[in-house]
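Contents: one structure, followed by commentary.
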Amino acid sequence: MLQLILVILLSVGLIASSGPADIGRTPMGGRYETSPTPRAGAGYSQPERGQIILEAYTEDGVCTNGAELRAAADILGSWLEAEGYVDVAVSQEGNKLRVHIPGLDWDDRADVREDIVEAFSRPQSLTFLDADGKVWLDESQIEGASAENGSISLGGPRQNYVLLTFTSEGAEAFYEATQAAAARAAENKNYLSIRLGREVISRPRVTEAIQSEDCIISGDLDDPEDAEELAALINAAVWGIMFRVAS
């Protein structure tokens with residue numbers, strides 16, 4: 001789980017809390033990478049023992065572009081690892097995803113397949129909550145996320161970060177959330193939890209209200225792949241990606 005700490009980057013300067021990672025305003029300036037295996041037509045090879053073929057889709061239809069499939073692979077792989085499975089491999093075959101878990105016989109463990117389908121029969125939620133568990137904004141108020149690399153402060157070093165863009169409604173909700181959280185510093189409850197499905201992927205401290213249409217998450221993202229994975233996980237929730245067993 002990524003541990004991130006909040007930094008507010010204002011036009012008048014940088015206000016930071018201690019810790020390895022930051023979230024703030026926009027700067028100036030997968031782990032489960034899918035492995036395409038082009039095939040003739042739209043077909044794909046039958047799953048081998050210990051593998052299952054899934055189809056990623058949204059309310060608009062089957063996922064077909066690379067960004068959607070990378071996001072689908074990341075959110076599926078992360079969910080399986082969170083459930084305790086190790087050495088998970090997710091690869092792309094056309095518009096399908098092949099899932100392999102060493103030592104798992106899908107024929108004998110139909111419950112695992114059913115758990116995946118049930119867990120992703122609806123999109124994963126993405127929520128921002130305060131210390132009391134109140135939800136301030138969700139995935140419907142986020143435009144999307146992208147992995148970037150650059151300086152996040154004047155004259156600062158280049159680093160990996162994720163750019164998170166809000167809708168106009170989301171920007172207002174984010175401002176209200178940070179304003180309310182910052183006011184609870186005396187209680188040591190001046191933080192927000194960013195939760196994807198059941199997993200908290202960030203718990204940033206808030207030192208002041210942020211009024212902006214976007215923000216950045218940086219710090220604990222040493223490799224470009226780390227930023228790409230986090231952005232993909234966020235986008236998977238924003239786009240409403242679901243899974244079903246391929247027919």
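Read-outs throughout are calculated quantities, based only on the coordinates presented, and are distinct from any laboratory measurement. Just so it is clear, the model here is predicted, and its values are computed rather than measured. Backbone-built Cβ (ideal geometry, glycine too); neighbour counts: all protein chains shown.
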Hey, got a sec? Which GluC sites (Glu not before Pro) in the range 73-118 land in a DSSP loop and have at most 12 other Cβ atoms within 10 Å? E83
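Take the Cβ-Cβ distance between D115 and S168 as r, set R0 to 45 Å, and report the resulting FRET efficiency rounded to the nearest 0.05.
On the way: r = 38 Å, r/R0 = 0.84.
Efficiency computed from Cβ-Cβ geometry: 0.75.
Go through 227-235, 164-172 and give me the packing order, highest mean Cβ count within 10 Å leading.
On the way: 227-235: 25.4, 164-172: 17.0.
With the highest mean Cβ count within 10 Å placed first, the list reads 227-235, 164-172.
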